[in-house]
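Since every read-out is calculated from the coordinates, none of them should be taken as a lab result. Because the structure is predicted, anything quoted here is derived from the model rather than measured. Neighbour counts are summed over all protein chains in view; Cβ atoms, including those assigned to glycine, are modelled from backbone coordinates with ideal geometry.
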Amino acid sequence: MIKRRTYQYLLDQLDQSPAVALLGPRQAGKTTLAHELARTRPSIYLDLESDTDRNKLSEPELYLSSHQDKLVILDEIHRLPGLFRTLRGLIDKARRAGKTSGQYLLLGSASLDLMQQSSESLAGRIAYVELGPFDVTEVEDTDQLWLRGGFPNSLTAKSDHKSLNWRKNFIRSYLERDIPQFGPRIPVETLRRFWTMLAHVQGGLLNAAALARGLDVDNKTINRYLDLLVDLLLVRRLSPWHGNSGKRLTKSPKILIRDSGLVHALLNIPDLEVLLGHPVLGASWEGFVVENLLLMLSPQAQTSFYRSSGGAEIDLVVELPGSHTWAIEIKRSLKPKVTRGFHSACEDLQPDRKLLVYPGNDRYPIGNEIEVIGFKKLAGEINKPPQCIPRRVRLCHRRLVVNANRRPGAGEH
């Protein structure tokens, strides 16, 4: 079994908070991690997709009160959203008795209802931890992780063919079964086309008008589809840098499908040989590197990209506590070089550190204070405890928005 980077952090959160929500896309390994954690303390596990387990909670206060000496793990918690009020009462009762941590572990696929109801009912009583697919610090073979993505069943499949089939079935299952549970009913084929269109423009600027024309819908509908995939932790919006550079800056976010294996499945890329000759090669590699680095960074870091109308561009801007800024350029080449646009952007931002990330293993300077560094080496260097989803969530137009680029500090993921 591959050890998850999130494991110790999840234990720490349970030792500090009465309830912890472990959120992430389906099949990312939440249930496996919960069972591993359950071996460390007296626990009881309930799968709320099981009729038998749901029936046990027909009188939830009575049933859960009889297990207050254990960690209660509630899988697929969105199936019983009304349970949050009961949990609040039980947590408050336990607090009066002196128990203040480690009572409930709630597993969910980041549904809007789950986040909204838990934040409203369990305010001050719950921490949120995000578990995504495997990342580069957890896996030895970086190329295989890039090709297949980090979902455990895809990554560990016996062949690339079986891995691709698993991912295609995963996409079909999400479209036909899972997404309808979490959002408004959307025609399956329409959402599949939308998701595939995002794969074709992986890492590109959001052009809602072009996407809308392709699907024959309006811009509001495109934003609604995108909101849903972002909230389910399948797609990431990377915000453009905003500041007083004196230049005309891009205002549209970059759109990234978070798991590279899903990008390749949506584009029907079966193996590394085909990927290396595919037009999405550079964008896929850049998205893969960006997603992994964002998972490694300190929760206090703010991340964005820089692009001006004059061609100045930085793939990833990291603003760390203490006003330290990193400019990161990403290249899929063993002899990487930066462009004039990167130099121009660095003149605008004056970053403290200029990094050129590439697939190799070495690190060396190339002049103008730019350091070439291997992707895996940089990920290991900045690896921190997993980021948390903020306790303070914003409700905007009745949907939950979690700002993935402006995360608070420890005690919240």
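Using the per-residue mean of other Cβ atoms lying within 10 Å as a proxy for protection, in what order, highest first, do the peptides 91-100, 40-49 fall?
40-49, 91-100
When the Kirkwood radius is taken over all Cα pairs of the stretch 115-158, what Stokes-Einstein diffusion coefficient follows at 4 °C and 1.567 mPa s, in µm²/s?
For these conditions, the coefficient is 102 µm²/s.
In whole Hz, what ³J(HN,Hα) sequence does the stretch 22-27 give by Karplus (6.51, -1.76, 1.60; θ = phi - 60°), x for Gly and Pro?
9, 10, x, x, 4, 6
Rounded if a/c is under 1.5, else prolate if a/b is larger than b/c, else oblate: which is the stretch 142-382, with a ≥ b ≥ c the root eigenvalues of its Cα gyration tensor?
Oblate shape, in that a/c is at least 1.5 and b/c is the bigger or equal ratio.
Note the angle between two axes, namely the Cα long axis of helix 6-16 and the longest principal axis of the Cα atoms of the chain, as a number of degrees from 0 to 90, rounded to the nearest 10.
Rounded to the nearest ten degrees, it is 50.
For the stretch 6-131, what is the per residue volume of the convex hull drawn over the alpha-carbon atoms, in cubic angstrom?
Cα-based convex hull of the stretch 6-131, divided per residue, equals 94 Å³.
Within the stretch 142-382, what percent of beta bridges assigned by DSSP are antiparallel, to the nearest 5?
Percent antiparallel among DSSP bridges in the stretch 142-382 is about 65.
By how many nm would the segment from residue 381 to residue 12 grow when fully extended, if each residue of separation counts as 0.36 nm and the alpha-carbon distance is taken off?
Between residue 381 and residue 12, full extension yields 130.6 nm more.
Under 8 Å for C-alpha pairs, at least 6 residues apart: give me the relative contact order for the stretch 6-131, rounded to a whole percent.
It rounds to 43 percent for the stretch 6-131.
Give me 293, 249, 276, 191 ranked fewest to most by other Cβ atoms within 10 Å of their Cβ, as a rough exposure proxy.
Going from least to most buried by this count: 276, 249, 191, 293.
Tabulate in residue order the Karplus-calculated ³J(HN,Hα) for the stretch 163-176, using 6.51 cos²θ - 1.76 cosθ + 1.60 with θ = phi - 60°, rounded to whole Hz; enter x for Gly and Pro.
Whole-Hz 3J(HN,Hα) from phi for the stretch 163-176: 5, 4, 4, 4, 5, 5, 5, 4, 4, 4, 4, 4, 5, 8.
When the Cα atoms of the stretch 164-283 are enclosed in a convex hull and the volume is divided per residue, what value in Å³ results?
119 Å³
Find the percent of Cα-Cα distances in the stretch 88-244 that exceed 25 Å, and round it to a whole number.
48 percent
I need the peptides 18-29, 255-266 ranked by packing, meaning the mean over residues of other C-beta atoms within 10 angstrom, with the highest value on top.
Per-residue Cβ counts within 10 Å, averaged per peptide and sorted highest first, yield 255-266, 18-29.
Through the Karplus equation 6.51 cos²θ - 1.76 cosθ + 1.60, θ set to phi - 60°, convert the phi angles of the stretch 212-223 into ³J(HN,Hα) values in whole Hz; use x for Gly and Pro.
5, 5, x, 9, 6, 10, 9, 4, 4, 5, 4, 5
Among 163-169, 51-57, what's the highest-first ranking by average C-beta atoms within 10 angstrom per residue?
Going from most to least packed, we get 163-169, 51-57.
For residue 21, what residues show an amide H to amide H distance below 5 Å, using hydrogens built from the backbone and excluding near sequence neighbours?
Residues meeting the amide H criterion: 106, 127, 128, 129.
So how long is each side of the stretch 284-327 along the principal axes, counting just the alpha-carbon atoms, biggest first, in Å?
Principal extents (Cα only, largest first): 31, 27, 10 Å.
Restricting everything to alpha-carbon atoms, can you work out Rg to Rh for the chain with a Kirkwood hydrodynamic radius?
0.97
In whole percent, what relative contact order does the chain give with Cα contacts below 8 Å and a gap of six or more residues?
Relative contact order comes out at 15 percent.
With viscosity set to 1.306 mPa s and temperature to 10 °C, compute the Stokes-Einstein D of the stretch 13-86, Rh being the Kirkwood radius across alpha carbon pairs; µm²/s, no decimals.
121 µm²/s
Using only Cα atoms, tell me the angle between helix 112-121 and the longest principal axis of the chain; keep it within 0 to 90° and round to the nearest 10.
Roughly 60 degrees between the two axes.
If amide H atoms are built 1.01 Å from N in the plane of the peptide, which residues on other chains or at least 5 residues away come under 5 Å of the amide H of residue 43?
Excluding prolines and chain starts, which carry no amide H, the hits are 71.
Any idea what the dipole of the chain comes to, in debye rounded to 20, about its Cα centre with Lys/Arg Cβ at +1 and Asp/Glu Cβ at -1?
It comes to approximately 680 debye.
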